[in-house]
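Enquirer: Please see the structure below; I have some questions.
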Amino acid sequence: MTASGHAMHDAIVIGGGLVGAAIAYGLQRQGLSTVMLDEGDVAHRASRGNFGLVWVQSKGLGAPHYQHWTHASARAWPELAANLQAETGIGVGLHQPGGLHFCFSDEEMAQRDALMGQLRREAGNAGYAYRMIPVAELRDMVPGLGPQVVGASWTPYDGHASPLHLLRALHAAFQDQAGLYRPNARVTAIQAAPRDFTVAIGSETVRAPRLVLASGLGNAELAPLVGLSAPLRPERGQILVTERTRQVLALPTHVVRQTEEGSLLLGDSKEDMGFDTLTQTPAIMRAIARKAVQTFPWIAELNIVRAWAALRVMSPDGKPIYDESERYPGATIANCHSGVTLAGAHASLLAPMIAAGALAPEMSPFSARRFDVQKAA
Amino acid sequence: MFRRRPEARPAPGDRLVEVFVAGRPVRVPEGASAAAAVLLSGAPAIRTTPVGGAPRLPYCMIGICFDCLAEIDGVANRQSCLVPVAPGMRIEPQTGARAARIEDAA
Amino acid sequence: MSDGMNSDLAIVGAGPAGMAAAIEAASLGLSVTVLDEQPAPGGQVFRAVEAAAGDPALAGEFLDAGGALAGAFRATKGIAYRPRSTLWHLDPDAGVLSVTAAGATAEIAARRVLLATGAQERPVPIPGWTLPGVMSAGAAQILLKTAGAVPGGSVVIAGQGPLCWLLAVQLLRAGVERLTLLETGAGGALRDALRAGGLWTGRKLLAKGVALMRETRARGLTVVRNVRDLRAEGDGRVSTVRWHQGGRDHALACDTLLLHEGVIPSTHITRALGLDHDWDDRQLCWRPRLDEWGATSHPNVAVAGDGGGIGGWEAAAASGRLAAIDAARRLGRLDAAARAARAAEARKAQRAALALRPFLDRLYRPAPGILTPADDTIVCRCEEITAGHIRGAARRGAAGPNQVKAYLRAGMGPCQGRMCGTVVAGLIAETRGATMEQVGALRPRAPFKPMTVGELANERPEAMPELTA
C-alpha cells in the first residue's frame, strides 16, 4: 500500500480467463509484480467452454500475420506446458501429433486442398506443411470411420490440450510466483493517464504503470476508457462431452477430440445468439451429435454427460485484436477466440512485449484500427 | 449381502425372473431393477472407477449417484438401478473406463 | 388438443405431486402429458406400489394410500402417461420439452410445465462412504419395496430423520436380526423443535412417528445417540463403522451401512432453467422460490411436491392439485373466484400435512458439518475429489462451485454434480468465510440426465411410449 491507499503494482491484468491468465503469468515471469482481476463464479467464461484444440490448420487465410502468430504459438506451446508442469505439477495434457479435418465428398476434398494450398503460398518462407489424406490411409490413423468420410486434410502443427488444466495451471503458477489473483473483482472504474492507471473495484483501487485489458467480451466496454476500441460480438458455440472412455482417438480432429481423461468432446457449432449462455438449443445439439456419428458411428453408443454453450469472442473479421493506446501509453488490449491455441504466444511472446513497454512492429496488423479503415472504405 | 425374503416374495401374482450377473444366474422378482439383481447376487462390485480403480456397488438406487453403472446386454455404462430386469438379461461388471465398440468398415 | 405431443399441461414426474396434479388437471378439462423416468407410477415414496401389493413388511399407508393414488391416476381419462421417459432439455419460453425414451429423442409441446421431480436423499459424505456395502437408507427401502430384499449380517442405519425409524421398523419386520441405529442428531434439538409448535394440528403424523419408535424398541433395535465423526472402513468393502460419542471412540462390525440425513429438493432442473432459488439455512438446501400456487419466477413453469421444499407425500399431493388448479386459471378454464373455491380443500389438506414441518425441520436439522466433511472424505464420487482438494482450490481463489468444477472436475462426472454440488459450495463457504448465497450453486446444463449420442442424433417421436386411460 502506498501512502495514498493504492495497492501499487507493475502491471494490472483485467480478466482471469485463458487470455488474461496467460499474459499475467508471462508478465510475472518477466519479473513484473502483477495483479490479475477476475469476475465471480458465474461470468461469461469463454475459457470454460473451450474445445481445447491447439490448432494451426486453416487459421489466417488472407492474413499471413495471423497464420504466423498461430504457428508461433503452437511452437511456443511445448515449453509453456513443460514450464507449467515443472512449476505447479499440473500436466496440461498437451499433445501435438497433427490434426485432421474431415471431408465428406470429393468436392469438399478439392476445396480443402485449394484452401490449404493457398495457406502454404501465403506462409512464404515460414513454410506450411500439409497433406490431403485419402480415406484408405485415414483408416490406419483413426478407428471406425463412417462410410461417408472420403478423406481429410492434415498438418503436423495441430494438437490439443486441456483448457481447464491449463487455466488452473496458469492461475497456480501465477500465484506461486507471487502474482496477486483477485476473484470477485469486477472493475467499476478506470482512471487513465500515460503509464499510470488506477483501477477501482468498488471502494478499493489498484494502481500500475501497465494495464492489460483481457476480459473477453467485457473489453468492448472497457477499451474506450483507455482510448482504445474493441468492436466485439459474441458467437455461441456448443460442445457435447461424453463419459470417460478408454483411449481410442490418437489425434485431434476439428469435430471430435478425446481428452486425456478419456472423454470425447464433440463440436462445433456457430450461432449468433447474443449474451445468453444459459440457453442451449436441442436442434444444434442434435446436429453436433449427427455430425459426430456420421464421422465415427461408434460414438452413437457413448453417453453424453455434459454439454456447454459458451461464447466465442469474435471481432468483425474473426481475427484477434492486439492494440496499444496512443493516448495512454502503457494500456494494451488483447482479444481472441482461441485462448488455448494462442496461450503459448500470449505467455511467451506477447507478455515480454508488454513488459518492455511496446508491441513489436509486426503486431500492427492486429490493431483495431483495421476496422476504422474498413468503415472508411 | 442382500437376500430375498421368500416369505414375502413372490407374493400372489409376483413372478421371478432369471438374469445373469457376471455369468451367474440370479432369480429376482419381476419389476426389480438390474441393480437389485447385482446386490442379490453377492457380487463384490458392479464396477471399478475410471479414476482410481476403486470398487463400487449401487448407492442411491434412484438414478442420482451413477455408482450402479454396469454393462447390460452388451451396452456399457447403463444405470442399472433404472433398468428393470428381463428374462435372460446379462449384467456384467465393468473395469475402469468403458471401451468404445469399434467395427472397422474397411 | 391432446395428441400427446402437444398438451395444455406437461407434468414431469409421476410421484404423489405429479399424479395428483394430473388427476386434478384432467378433471378440469386440461389435456395433460405426464413424463416419468420410472416404468410405473408412484415416485420414490410409492415406488413400485402396484407390484408390492400384498407384502406384509410394507403394509399400511404405503400400500393403501399409494395404491389408491396410482389406481386413480391410471383410471383418469385425458392423461397421456409416458413412463421410462426422461426430460433432458426444457425451453420454458417456447414450451418445448425434449425427451429421451426408447433409444430416441423427441420434442413435446405444452402451454404450461409443472415440475414434480421430487426429492433426493441428502448425500452424506463421510470417510469411506464410497465403499461397497455403504448405501443410502432410501436405497435399502427401495430394495425392500421392489425386490423384497433385505441386507444380511450386521446392519447399521446411521444419521437422522423420520426415514431412519420407518426403515428400521420395515427391516425388523422383514426379519433383519442385527440392526443398530446410530443417531447423529444434535443434543437439545428436541427442546428447540418443541418451540416450533404445530404439534396439535400435526398430531396424526406425530402419533405415527411415536408408534414407529415404540415398535422399534419392542423389536429390539439398538439405538446410539449423539453420534459424531462417523466413518466407514474396510478393505474393498465396509467391515467396520467407527464414531465418536461421549468423549470416546467406538467401533462396530458392520456388513451394510445405511446413511440418511434427510431429504432435499431436487433442484437440478430448476437451477438449470435459471429460476430464482433461496437457500434454506435450517435444512441446508436450495429451494426454488414459489408462490402459494407453486408458480416459479418463470411465467410458464410451476413446481409441486418435495421439489419445492420437503413436506412429505400428503403435502406433495395437495401442492400438485393446487398447481393444477392454477394452471386451469392461467389457461383460461377457471376465473379467480372459481380457482379459490376449487382450491379450498387442497389448501386445507396442505396445511394439515405441513403443520408438523417446523417441528420436524428443527428436530432433524442436519448438523452444519454435513457440508464440511473432513479433508480425507471423497466429496465428488464420480471424479474422486476429496474435501481437502476442494478446500485447496478455494484457498487458490476459486470463489464458487463452477470455478471448482473447472479447476478440479468436481461435478463433471455422470451424476452432473447431484451428489457433490452443495457440499462443494459448503466447503468453499467455510474456507473463504462466505455465505452459501455468496458462493452460489452449480449451474447444471442440458442434458439434465446423460443420454447417448445416438439417442440425441435419433429423432423419432413415434418411438415414444404413451399410455392413456
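The values are calculated or read from the model by the stated rules, or taken from the named source; none is laboratory data. Because the structure is a prediction, the values reported are computed rather than measured. Every residue, glycine among them, receives a Cβ derived from its backbone with ideal geometry; neighbour counts consider all protein chains shown. Side chains are part of the model used for accessible areas, which takes the heavy atoms of the whole protein and leaves out ligands, DNA and RNA. Shrake-Rupley method; radii C 1.70, N 1.55, O 1.52, S 1.80 Å.
Enquirer: For every other residue with a beta carbon closer than 14 angstrom to the beta carbon of A:Gly151, add +1 if it is Lys or Arg and -1 if Asp or Glu, then tell me the sum.
Expert: Net charge in that neighbourhood comes out at -3.
Enquirer: May I pose another question? Tell me what chain A gives for mean residue ellipticity at 222 nm when only DSSP H runs of n ≥ 4 count, each as -39,500 (n - 2.57), the sum divided by the residue total, rounded to 500 deg cm²/dmol.
Expert: The per-residue figure over chain A is -9000 deg cm²/dmol.
Enquirer: Now, a different point. Between A:Gln118 and C:Arg178, what is the spin-label point distance in nm, taking each point 7 Å from the Cα along the Cα→C-beta axis?
Expert: Label at A:Gln118, label at C:Arg178, 7.7 nm between them.
Enquirer: Output the direction-averaged projected area (hull surface divided by four) of the convex hull of the alpha-carbon atoms of the range C:173-322, in nm².
Expert: 12.7
Enquirer: Over chain C, calculate the relative contact order: mean separation of alpha carbon pairs under 8 Å at least 6 apart, over the residue count, as a percent.
Expert: Relative contact order, chain C: 21 percent.
Enquirer: Hey, another quick one. If you take the Cα Rg of the range C:372-465 and divide it by 2.2 N^0.38 Å, with N the number of residues, what do you get?
Expert: 1.29
Enquirer: Related question: How much of the accessible area of the range C:144-241, in percent, comes from carbon and sulfur atoms when a 1.4 Å probe is used?
Expert: 54
Enquirer: With the crude spin-label approximation of a point 7 Å out along Cα→Cβ, what separation in nm comes out for B:Arg101 versus C:Glu233?
Expert: 4.4
Enquirer: While we're on this one: Pop a pseudo-label 7 angstrom from the Cα along the beta-carbon direction at both C:Asp276 and C:Asp375 and give the gap in nm to one decimal.
Expert: 4.2
Enquirer: Shielding of A:31-41 by partners, i.e. mean partner chain Cβ atoms within 10 Å per residue?
Expert: Average per residue, whole number: 3.
Enquirer: Please report the Cα spread of the range A:6-85 along all three principal axes, rounded to whole Å, starting with the longest.
Expert: So the extents along the principal axes, rounded to whole Å, are 46, 31, 28.
Enquirer: Please work through chain C and write down the cysteines that have no neighbouring cysteine Cβ at a distance under 4.7 Å.
Expert: C:Cys164, C:Cys254, C:Cys285, C:Cys382, C:Cys415 - these cysteines have no disulfide-compatible partner (Cβ-Cβ under 4.7 Å) in chain C.
Enquirer: Toward the positive end of the charge dipole of the range A:178-325, about the Cα centre and with charges on Cβ (Lys, Arg +1; Asp, Glu -1), which of A:Ile284, A:Gly202, A:Thr253 goes farthest?
Expert: Towards the positive end, the residue furthest out is A:Thr253.
Enquirer: Please pull out the direction-averaged projected area of chain C, using the convex hull of its alpha-carbon atoms, in nm² to one decimal place.
Expert: Orientation-averaged projected area of the Cα hull: 22.0 nm².
Enquirer: Given R₀ = 41 Å, what would the calculated FRET efficiency be for A:Glu79 paired with A:Ala110, taking r from the Cβ atoms and rounding to 0.05?
Expert: Between A:Glu79 and A:Ala110 the formula returns 0.60.
Enquirer: Kindly rank C:276-282, C:17-23, C:5-11, B:90-96 from highest to lowest mean number of other beta carbons found within 10 Å of each residue.
Expert: C:17-23, C:5-11, B:90-96, C:276-282
Enquirer: Evaluate the Debye formula for the range A:189-348 with equal point scatterers sitting on the alpha carbons, no solvent, and hand back log10 of I(q)/I(0) at q = 0.15, 0.20 Å⁻¹, in q order, two decimals.
Expert: Debye output, listed in q order: -0.88, -1.20.
Enquirer: Going toward the positive end of the dipole of the protein assembly as shown, with +1 on Lys and Arg Cβ and -1 on Asp and Glu Cβ, which of C:Ala139, C:Met464, A:Leu350 do you reach last?
Expert: Value: C:Ala139.
Enquirer: Here is a follow-up. Which value, in debye to the nearest 20, describes the size of the charge dipole of chain A about its Cα centre when Lys and Arg Cβ atoms bear +1, Asp and Glu Cβ atoms bear -1, and nothing else is charged?
Expert: That gives a dipole near 120 debye.
Enquirer: Taking the highest mean first, how do the peptides B:29-40, A:293-304 order by number of other beta carbon atoms within 10 angstrom per residue?
Expert: B:29-40, A:293-304
Enquirer: For chain C, what is the mean residue ellipticity at 222 nm derived from helices alone (per DSSP H run of n ≥ 4: -39500 (n - 2.57); sum divided by total residues; nearest 500 deg cm²/dmol)?
Expert: Here the helix-only value at 222 nm equals -10000 deg cm²/dmol.
Enquirer: Another question, if that's okay. So what's the net charge close to C:Cys382: Lys and Arg +1, Asp and Glu -1, counting the other residues with Cβ under 13 Å from its Cβ?
Expert: Net of charged neighbours comes to +3.
Enquirer: Now, a different point. Could you tell me how many cubic angstrom of Cα convex hull volume the protein assembly as shown has per residue?
Expert: It is 184 Å³ per residue.
Enquirer: Is there a pair in A:Lys59/A:Lys291; A:Lys291/C:Lys405; C:Lys77/C:Lys449; A:Lys291/A:Lys319 whose C-alpha atoms are over 24 Å apart, and which pairs would that be?
Expert: From A:Lys59/A:Lys291; A:Lys291/C:Lys405; C:Lys77/C:Lys449; A:Lys291/A:Lys319, over 24 Å: A:Lys291/C:Lys405; C:Lys77/C:Lys449; A:Lys291/A:Lys319.
Enquirer: Let me spell out the model: positive unit charges on the Cβ of Lys and Arg, negative unit charges on the Cβ of Asp and Glu, origin at the Cα centre of the protein assembly as shown. What dipole size does that give, in debye rounded to 20?
Expert: Computed about the Cα centre, the dipole is about 1940 debye.
Enquirer: Oh, and also: Mind checking the per residue accessible area of the protein assembly as shown for me, 1.4 Å probe, whole number of Å²?
Expert: Normalised by residue count, the accessible surface of the protein assembly as shown is 36 Å².
Enquirer: Need one number: % antiparallel among DSSP beta bridges in chain C, to the nearest 5.
Expert: 50
Enquirer: Pick out which of A:Val54, A:Val340, A:Val149 has the largest mean-square fluctuation in a Gaussian network model of chain A, springs linking Cα atoms closer than 10 Å.
Expert: A:Val149
Enquirer: A follow-up question, please. Which semi-axes, in whole Å and largest first, does the equivalent ellipsoid of the range C:30-144 have when worked out from the alpha carbon gyration tensor as the square roots of 5 times its eigenvalues?
Expert: 29, 22, 12
Enquirer: Now a separate question. Set the Förster distance to 56 Å, then compute FRET efficiency between C:Ala338 and C:Ala53 from the Cβ-Cβ distance, nearest 0.05.
Expert: E(calc), rounded to 0.05, equals 0.90.
Enquirer: Using a 1.4 Å probe over the heavy atoms of the protein chains, calculate the carbon and sulfur portion of the accessible area of chain A as a whole percent.
Expert: 53
Enquirer: Relative contact order for chain A: what percent, with Cα pairs under 8 Å and sequence separation of 6 or more?
Expert: Relative contact order, chain A: 25 percent.
Enquirer: Same structure, new question: Expected output is a single nm value to one decimal: the length gained when fully extending between C:Ala102 and C:Asp249, i.e. 0.36 nm times separation in residues minus the C-alpha distance. What is it?
Expert: The span from C:Ala102 to C:Asp249 would gain 47.8 nm if fully extended.
Enquirer: Can you tell me the 0 to 90 degree angle between the C-alpha axis of helix C:16-27 and the longest principal axis of chain C, rounded to 10?
Expert: 10
Enquirer: Shielding by partners for A:286-298, please: the mean number of other protein chain Cβ atoms within 10 Å of each residue's Cβ.
Expert: 4
Enquirer: Just to be sure I understand: of the beta bridges DSSP finds with both ends in the protein assembly as shown, what percent are antiparallel, rounded to 5?
Expert: 60
Enquirer: How charged is the neighbourhood of C:Pro151? Take every other residue with its Cβ under 13 Å from the Cβ of C:Pro151, and add Lys/Arg as +1 and Asp/Glu as -1.
Expert: Local net charge: +3.
Enquirer: Within the range A:63-86, which residues have the backbone N less than 17 Å from the label spot 7 Å out from A:Gln177 along Cα→beta-carbon, could you tell me?
Expert: What the label zone holds, given the 17 Å backbone N cut-off, is A:76-86.
Enquirer: Mind checking which lysines have their C-alpha under 24 Å from C:Lys348, skipping anything on the same chain fewer than 8 residues away?
Expert: C:Lys204, C:Lys208
Enquirer: Follow-up question, since we're still on this one. To the nearest hundred square angstrom, how large is the accessible surface buried between A and C, total for both chains, probe 1.4 angstrom?
Expert: 3400
Enquirer: Taking all pairs of different Cα atoms in chain A, averaging 1/r and flipping that mean, what Kirkwood radius in angstroms comes out?
Expert: 21.4
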